[in-house]
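First comes the structure, then the notes that go with it.
Derivation of every value follows stated rules applied to the coordinates shown; laboratory data play no part. What you see is a predicted model, and the numbers here were worked out from it, not measured in a lab. For neighbour counting, all protein chains shown are included, and Cβ atoms are generated from backbone atoms with ideal geometry for every residue, glycine included.
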Amino acid sequence: MNFSLSATDFLTILPELILCGMGMVVLLFDLFGSGRNTANLAWLTLLSLLAAGYADITMMGQNLMGFSGTVTADDFSIAFELIFLSVTALTVLLSTRYVHERGMGYGEYYSLLLFATAGMMLMASSLDMLMIFIGLEILSLSSYILCGMLRRDARSNESALKYFLLGAFATGFLLYGMMLLYGATGTIRLREIAEALRHEEVFVNPIAWMGMGMILVGFGFKIALVPFHMWTPDVYEGAPTTVTAFLSSGPKAASFAALIRILVEGLSPMQEQWSQVLWVLAVITMTLGNVVALQQDNIKRMLAYSSIAHAGYILVAVVVGGAEGLGAVVFYALAYTFMNTGAFGVLILTADRGRERLTFEDFRGFGFVSPALGVAMFIFMLSLAGIPLTGGFAGKFQIFKSAIDQGYIWLTVIGMLNSVVSIYYYLRIVVVMYMQPAGDDSLQEPPRASIPLYTAIALAAAGVIYLGIFPSGWIGISLQSVSLLTAGG
Amino acid sequence: MEVFFYLFAVLATVGAVSVLLIRSPVYCALALVGTFFCLAAIYVLLSSEFVAAVQLLVYAGAIMVLFLFVIMLLNLKSDQPFALKFSIPKIIGLAVTVGILAQLIGVLNSPAAKVGPSGEYTIERVSAEGATEVVGRLLFTEYVLPFEIISILLLVAVIGAVVLAKRYVASGEEESG
């Protein structure tokens, strides 16, 4: 038996290798570096993210495949990897002061972020259920730990424990589903599964269907689809705010990438059936997320429910499928990253020592107290609500346009209605910021300046506006990225 | 052979359920050891002796010793031997579990259900070449990437254990609120 590894094999996973290697370097640097300088660790982390991003961009269009077909670096995975890298880079910029003030084990924090990013990238680039599972586990394990890093905060502990227990439970479902699918098709390679399912006797095998169902449950939990969303508000509220910003955009996008890989590459013969299941999930996810978000007084919790609703919108695009629908997923994932991380960025910046400003009351008159941040928050809220000239609008437009083109009229109507409902709670914060006078309890003076934080918020705002006004560039990339996926199925 | 499978499967399930129901940590640990042993026996029945041996060494051996150490160091005490309090969430959970179980049994018994096409490594081939050799060769050729990448997973777990469980070093280093 001949077996050899070539340079191509390693080139395929070069970005992941860079991140894993640098994750260890960051740990060692924290140990041996002089005076535990947190700023240096953040710069080192950013540098490795940039290096990985550069490696990704150079590999674009080559569609490399490595390690006997377990991983690939096709345009789909590269597009998603660039999204993950943006999430993590923004999170690192947002974290510099927060991590320092709260003394959350500096080196560990940044290296866990890097490992989590590597896990997400593996999820997007695997063609093999085993690799998807390992990538997901690296990501999940890092996330559980990141949630609990405020060790003296009881709610942070609760968040980590809740996430861990429920996450392990959902992982059980996912693994069981993969096992059943393996039992029915005899392979763990996604493309071979699709091949096997084209045979009549495998296709009618109920074991394979049970497997599909359980995989959907497992990913439903990771993406926080209703009815598997119960953990989301508590985990997001209790976790350190920087981690919440990361969790609500990164891992969600990664789970969508892996889900699309499994559904479109592996389970394409079952498309008619899984898209019906997802249709229902998309409707209840959008509706419940928006309706419950209406009632929240805590902005962090409101954003948690809003992230559930946005997962519902993305799911609409998955249901629609085809190049247009899947392209809309890629587009929306990036737009959501910018607006969501930006909104959390403002919350992080206003968090003063020991006290976080998280209720609507705290933001009374904020637009006049700190005009620049007020405008930034205004932009993010408009984008989340899907008002034109923002990335959120361009993304929703892509999703609903593809849905109408494919004849999903009802899904579009329900999605639009939900969008209208969501305007209420997003604009509520704008009303509070600009139309109510600052009270005794609200923020009185602009938050202390911090260059990395302002940079992150400015970058996110610029991203939102760029995607809103010139969406065609990223639309082109996202359409191209899914062209291989849809050509085969 | 099938008799043995059912014997060990039932024992494994009984062990797993008792881990949930028994309150005394030491008894829980013992029930868990029983489950691990039964699983190892099932692996042997499936003619994968290597996995069975690893199961015994790693789970029943190393991990259980660690569990018992932790239990011993924490010096846990428990008043009630059994925890059989029923609440509405538990009843709903039980109903869902029974539902999924019934569905699984239905699926596995339906006439269309059968084991899918077998791959390259049939039982005959594995027993001819030796299970350990086949597993070892695959791990270092076709599945070398998953095998190596798991080390990152373990590293993350180690970091997590240190971060979440280490002692507070200095008061100034931790958050005040």
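Here are a few things to note about the model shown:
- The protein assembly as shown: C-alpha gyration tensor shape, a/c 1.5 cut-off, then a/b vs b/c: prolate
- Greater than 27 Å apart at Cα, pairs in A:Lys252/B:Lys166; A:Lys222/A:Lys300; A:Lys252/B:Lys85: A:Lys252/B:Lys166; A:Lys252/B:Lys85
- Principal-axis tilt of helix A:409-435 within chain A, Cα atoms, nearest 10 degrees: 20
- In a simple Cβ point-charge model (Lys, Arg +1; Asp, Glu -1; nothing else charged), chain B has a dipole of about 700 debye relative to its Cα centre.
- Relative exposure of A:Asp128, A:Asp9, A:Asp405, judged by other C-beta atoms within 10 Å (fewest first): A:Asp405, A:Asp9, A:Asp128
- Neighbouring Cβ atoms from other chains, within 10 Å of the Cβ of residues in B:104-116, number 6 on average.
- Per residue of B:154-162, other chain Cβ atoms within 10 Å of the residue Cβ number 6 on average.
- Global geometry of the range A:1-147, whether rounded, prolate or oblate, following the gyration tensor of its Cα atoms and the 1.5 cut on a/c: prolate
- For the range B:97-108, backbone phi angles converted through the Karplus equation (6.51, -1.76, 1.60; θ = phi - 60°) give residue-by-residue couplings of 4, 4, x, 5, 4, 4, 5, 4, 4, x, 4, 6 Hz, Gly and Pro being listed as x.
- Taking Lys and Arg as +1 and Asp and Glu as -1, the other residues whose beta-carbon sits under 12 Å from that of A:Ile57 total -3.
- Sorted fewest first by neighbouring Cβ atoms within 10 angstrom, B:Val96, A:Val318, A:Val277 come out as B:Val96, A:Val277, A:Val318.
- Averaged over the residues of peptide A:141-152, the number of Cβ atoms from other protein chains lying within 10 Å of each residue's Cβ is 4.
- Cβ crowding within 10 Å ranks B:Ile22, A:Ile132, B:Ile152 as B:Ile22, B:Ile152, A:Ile132, fewest other Cβ atoms first.
- Anisotropy class of chain B from Cα gyration tensor, a/c 1.5 cut: oblate
- Given 14 as the ceiling on other Cβ atoms within 10 Å, longest exposed-site-free region of chain A for trypsin sites (Lys or Arg not before Pro) in DSSP loops: A:199-352
- Neighbourhood charge, 14 Å Cβ-Cβ cut-off, centred on A:Met270 and excluding it, Lys, Arg +1 and Asp, Glu -1: -3
- The C-alpha atoms of chain A define a longest principal axis, and helix A:75-102 lies at about 30 degrees to it.
- Adding -39500 (n - 2.57) for every DSSP H run of four residues or longer, then dividing by how many residues chain A holds, sets the calculated 222 nm ellipticity at -26000 deg cm²/dmol.
- Sum of side-chain charges, B:Leu155 neighbourhood, beta-carbon under 12 Å (Lys, Arg +1; Asp, Glu -1): -2
- In chain A, the longest principal axis of the Cα atoms and the axis of helix A:14-32 are about 40 degrees apart.
- If the segment from A:Leu17 to A:Leu294 were pulled out straight at 0.36 nm per residue, it would be longer than the present Cα-Cα gap by 95.4 nm.
- Measuring gaps between exposed loop sites in chain B (chymotrypsin sites (Phe, Trp or Tyr not before Pro); DSSP loop; at most 15 other Cβ atoms within 10 Å), the longest gap, sites not included, is B:1-85.
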